[in-house]
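Okay, so here's the structure we're looking at.
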Amino acid sequence: MSREFEASVEVDRPVEEVFAYLADGRNDPEFSPRVLEITKTPDGPTAVGTVFRSTVKDAGVKTSREFRITGLMPPRTIRWSEQSKNLITAEGGYDFEPLPDGRTRVRIFNVLEGHGLGRILLGPALRAARKDAPEFGRRIKAAVERS
């Protein structure tokens, strides 16, 4: 069984704007209600090695998350890998495609991995993530277009 989920959405903004918005993980709470707070280290532009630390609430449980940017090719791709030691961790990214009329197609994907008891929880977590993926894409579109 694949442990990946993805969504694609077309945003009514140029690719450079969409890339810049999503490269700054501090914007995540604007489209991801599970993210309660998030910080970035170091200050300055996002680059390979930048770390975003967040507190999230999943299924009523607060956890700390740490994601490191592992790949960055402006304005085409962003890749990240979770460094935290949680029951379920993710790695994934965004792919950006410029479209006619200054729009951008964004593909987001994540691959989930269960650890310990998380192996049992992985199936339900993956089903929930796949179910929410289209709405997640719509929330990204709305947030970017508001910015």
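The values are calculated or read from the model by the stated rules, or taken from the named source; none is laboratory data. As the structure is a prediction and not an experimental result, all values here were calculated from the model. Methodologically, a virtual Cβ is constructed for each residue, glycine included, from the backbone with ideal geometry; neighbour enumeration extends over all protein chains shown. Accessible surface areas use protein heavy atoms only, side chains included; no ligands, DNA or RNA. Shrake-Rupley method; radii C 1.70, N 1.55, O 1.52, S 1.80 Å.
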**OP:** Return the residue satisfying two criteria in turn: it lies in the stretch 1-24 and is out of contact with any helix residue (DSSP H, G or I) (no Cβ under 8 Å at 6 or more places or on another chain) and of a type outside the set (A, V, I, L, M, F, W, C), and of such residues it is most open to solvent (accessible area, probe 1.4 Å).
**Re:** 16
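Just for strands (runs of 3 or more DSSP E) wholly inside the stretch 39-147: which have at least 2 residues that are in contact with an Asp or Glu (Cβ under 9 Å, 6 or more places away or on another chain) and among the hydrophobic types (A, V, I, L, M, F, W, C)?
Because the criterion is at least 2 residues that are in contact with an Asp or Glu (Cβ under 9 Å, 6 or more places away or on another chain) and among the hydrophobic types (A, V, I, L, M, F, W, C), the strands (runs of 3 or more DSSP E) in the stretch 39-147 that meet it are 51-58, 77-82, 88-98, 104-114.
Can you tell me how many residues within the stretch 1-29 are closer than 17 Å to residue 104 by Cβ and either free of Cβ contacts under 8 Å to residues at least 24 places away in the same chain or not in a loop (DSSP other than H, G, I, E, B) (or both)?
17
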Original post:
Of the conditions (1) at pLDDT 95 or above; (2) in contact with a helix residue (DSSP H, G or I) (Cβ under 9 Å, 6 or more places away or on another chain), residue 33 fails just one. Which one is it?
Top reply: (1)
**OP:** Give me a count of the residues in the stretch 26-53 that are within 16 Å of residue 76 (Cα to Cα) and touching a Lys or Arg at 6+ places or on another chain (Cβ under 8 Å).
**Re:** 1
**OP:** Out of the residues in the stretch 25-43 that are charged (D, E, K, R) and closer than 28 Å to residue 61 by Cβ, state the one that is surrounded by the most Cβ atoms within 10 Å (Cβ to Cβ).
**Re:** 28
Original post:
Residues in the stretch 110-127 that are under 23 Å from residue 94 (Cβ atoms), touching a strand residue (DSSP E or B) at 6+ places or on another chain (Cβ under 7 Å) and not aliphatic (A, V, I, L, M): how many?
Top reply: 2
Original post:
Taking the stretch 44-88 as the region of interest, how many residues are hydrophobic (A, V, I, L, M, F, W, C), open to solvent by less than 30 Å² (accessible area, probe 1.4 Å) and over 27 Å from residue 127 (Cα atoms)?
Top reply: 1
